[in-house]
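Participant: Have a look at this one.
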Amino acid sequence: MASAVSRLWFRQATSDFHCGELIRATNDITLRCHAIAKYQQCMEKAVKGVVRSLNESTVTQEQPSMRHDLDHEMDILKRLPVSAKTPPNSPVGRIKRHLDARMRSDLQRCMSIAPTRPVEGVQPRNTEYPFHKPTGTWMIPASADAFTDDEVAEMRAIAARTLHWADEITFAGSLVTKSNEDRHA
Amino acid sequence: MTQQVQRSELRRTDEIRQLISAHRELEDETLLLAVQFEPGRESDSPDDVYLFEVYDGYHHNIVDRERGDFTDISYGSTDAFPLPRDAYLHIILTNPIEFIEGLRSGWKLASELKGAVNRGAYEILHEENNSLIEAVRG
């Protein structure tokens, strides 16, 4: 049987979440950027695992991208063909049920703090590299005032929700994949 | 042998219309144009289905010059859109600014759409205004 790589994405996403939890538990305000970075990575890998799961169950030919922004993954997930014939507990049914406009907006906001190239000479705020403040001066992500506790808490909540969602879908997807393989064996 | 495909040969129009209806409900992008077309690709299955969509707001209305073509997402058979084995539903995605740039620069998918329109192998299934399809015809 082919290995369900989607579950490997999910396991690494889970590990990222646990790492974020360990950093957050230190209560060190200079480590907020690292906790947020781990929660962002958790979400990114969870969503990519979902796309990989759809690929394994032949719903799509697409693979996860190597980009942080998740634009490619959202293109695939938000336009999945769905109708009254779609079983609600199938991977496609679960995706459609949970990936609403709010969740997409939350994910896009979280991905926007991953490092990107400077835009017109301005390095946007991110969790990895020195960046420009609105005033134009430089700041590092580890500065005490670069990120707030509220932001850490919000990222954690969205990561936890995304991880739970991805667990359901990649697990259901692995069952579909196995069933397809058994049928063609 | 002619490769021309007549409009009447376009397949699965009912399912495509349902799909477009769902895409019109996306809150974060506005569907401006949806065209089912037949690109005449010899490498694809004869049962493949092609839908071209232009959304205002798609990828923040930015032109992806690095890729140099529109996005082409392909789906296999699903409960909502059943297809024969090894056949795919292709959804080609872009925004109005990239659409015009792709036509002007002769991107591959833009050329396929243009060829289909010239052969009459297409059907407009949703249109907010006709300036986009006129750009293809022009």
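The values are calculated or read from the model by the stated rules, or taken from the named source; none is laboratory data. Everything numeric in this text was worked out from a predicted model, so none of it was measured. Note that each Cβ is placed from the backbone with ideal geometry, even for glycine, and that neighbours are counted across all protein chains shown.
Participant: Cβ contacts < 6 Å: first residue within 11 Å of another protein chain (Cβ to nearest Cβ), restricted to region B:18-36; second residue in a loop (DSSP other than H, G, I, E, B) and surrounded by 17 or more Cβ atoms within 10 Å (Cβ to Cβ), any location; separation 6+ or different chain. Result?
Facilitator: B:Leu19/A:Pro81
Participant: Then there is this: Please pick out the residue among A:Pro91, A:Pro64 that is surrounded by 16 or more Cβ atoms within 10 Å (Cβ to Cβ), within 11 Å of another protein chain (Cβ to nearest Cβ) and closer than 30 Å to B:Ile16 by Cα.
Facilitator: Details: A:Pro64 fails: within 11 Å of another protein chain (Cβ to nearest Cβ).
On inspection, the qualifying residue turns out to be A:Pro91.
Participant: Hey, another quick one. Quick check: is even one residue across region B:93-100 closer than 16 Å to A:Pro81 by Cβ and either among the charged types (D, E, K, R) or in contact (Cβ under 8 Å) with a residue 40 or more places away in the chain (or both)? Break it down stepwise before answering.
Facilitator: Within region B:93-100, the subset closer than 16 Å to A:Pro81 by Cβ is B:93.
Subsequent filtering for residues that are either among the charged types (D, E, K, R) or in contact (Cβ under 8 Å) with a residue 40 or more places away in the chain (or both) retains B:93.
Scanning region B:93-100, I find at least one residue that is closer than 16 Å to A:Pro81 by Cβ and either among the charged types (D, E, K, R) or in contact (Cβ under 8 Å) with a residue 40 or more places away in the chain (or both), so the answer is yes.
Participant: Starting from residues that are of a type in the set (S, T, N, Q) and out of contact with any Phe, Trp or Tyr (no Cβ under 6 Å at 6 or more places or on another chain), keep the ones in region B:78-133 and report whichever is nearest to B:Gln18 (Cα to Cα). Can you show your working first?
Facilitator: We begin by selecting, within region B:78-133, every residue of a type in the set (S, T, N, Q); these are B:78, B:94-95, B:105, B:111, B:118, B:129-131.
Still in the running and out of contact with any Phe, Trp or Tyr (no Cβ under 6 Å at 6 or more places or on another chain): B:78, B:105, B:111, B:118, B:129-131.
Working: B:Thr78: 14, B:Ser105: 32, B:Ser111: 27, B:Asn118: 26, B:Asn129: 20, B:Asn130: 22, B:Ser131: 24 Å.
Among those residues, the one meeting the criterion is B:Thr78.
Participant: Can you name every residue in region A:38-61 that is in contact (Cβ under 8 Å) with a residue 12 or more places away in the chain, within 20 Å of B:Leu93 (Cβ to Cβ) and at the interface with chain B (Cβ under 9 Å from one of its Cβ atoms)?
Facilitator: Those that are in contact (Cβ under 8 Å) with a residue 12 or more places away in the chain, within 20 Å of B:Leu93 (Cβ to Cβ) and at the interface with chain B (Cβ under 9 Å from one of its Cβ atoms): A:Leu54, A:Val59, A:Thr60.
Participant: Given the conditions (1) more than 13 Å from chain B (Cβ to nearest Cβ); (2) modelled with pLDDT of 90 or more, report the number of the one that A:His98 does not fulfil.
Facilitator: (2)
Participant: Answer yes or no as to whether B:Gly115 is of a type outside the set (Ser, Thr, Tyr), free of Cβ contacts under 8 Å to residues at least 60 places away in the same chain and away from every other protein chain (no Cβ under 14 Å). Before you say what the answer is, go through the steps one by one.
Facilitator: Numbers: of a type outside the set (Ser, Thr, Tyr): yes; free of Cβ contacts under 8 Å to residues at least 60 places away in the same chain: no; away from every other protein chain (no Cβ under 14 Å): yes.
Taking the combined requirement at face value, the residue does not satisfy it.
Participant: Give region B:65-75 a look and list any residue that's outside any strand (DSSP E or B) and crowded, with 19+ Cβ neighbours inside 10 Å, or say none. Working first, answer last.
Facilitator: Kept after step one, since they are outside any strand (DSSP E or B), are these residues of region B:65-75: B:65-70.
Of everything in region B:65-75, just one residue is outside any strand (DSSP E or B) and crowded, with 19+ Cβ neighbours inside 10 Å, namely B:Phe70.
Participant: Then there is this: For the subset of region B:1-39 comprising residues that are assigned to a loop (DSSP other than H, G, I, E, B) and at pLDDT 85 or above, which member is surrounded by the fewest Cβ atoms within 10 Å (Cβ to Cβ)? So that I can check it myself, show each step before the final result.
Facilitator: Of region B:1-39, the ones assigned to a loop (DSSP other than H, G, I, E, B) are B:1-6, B:10-12, B:24-29, B:38-39.
Cutting the leftovers down to at pLDDT 85 or above gives us B:24-29, B:38-39.
Numbers: B:Arg24: 13, B:Glu25: 8, B:Leu26: 16, B:Glu27: 10, B:Asp28: 13, B:Glu29: 19, B:Glu38: 25, B:Pro39: 21.
This residue is B:Glu25.
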